[in-house]
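Coordinate-derived values only; no laboratory data. Note that the coordinates shown come from a computational prediction; the quantities given were computed from them, not determined experimentally.
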Amino acid sequence: METMAGLALISVFVSIGVLTVEHTVFQLNKERVIHELRTDLLKAQHHAVYTGKEVNVRFSPDGAYQIRSSSGILAEKNHQGVSFQRLTLGLHEVAFLPNGNIRKFGQLRMEIDGDGYRIVFMIGGGRFYVEAV
């Protein structure tokens, strides 16, 4: 009887630990996706300024995005569990001009494993940020 109680107690502790680790992995994945997106957008902006040519960013509803310039594809990502949606900016309307500014300001919605985020492209200076909604 004591052995059964001990085994039951151990199984409860193990299951709590597994749930905690699983939640941490999901959270780290979300942070990684956001970090990669920010880094890729900053690289796109830098490339536009460095080359003096416009760089376009095309988002897809299925979670993929592609960064292109006149010289070809600079980056291409496709994350599982991610989706992009139009808010005030179309999915193919994001572009960095040769001076580093954004062509059109506005917002996109990004969803990662059911959690919503807003990507905000601000007018002037090509600034942008990602926030949870």
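Note: relative contact order over segment 2-132, using C-alpha pairs below 8 Å and six or more positions apart, is 18 percent. Only lysine pairs 8 or more places apart or on separate chains count here, and in segment 2-132 those with Cα atoms under 17 Å apart total 4. Both the radius of gyration and Dmax for segment 78-133 are 11.8, 36 Å, in that order, over alpha-carbon atoms. The orientation-averaged projected area of the convex hull spanned by the Cα atoms of segment 28-133 comes to 5.8 nm². Extension gain, Thr39 to Arg103: 0.36 nm times the residue separation minus the Cα-Cα distance gives 21.2 nm.
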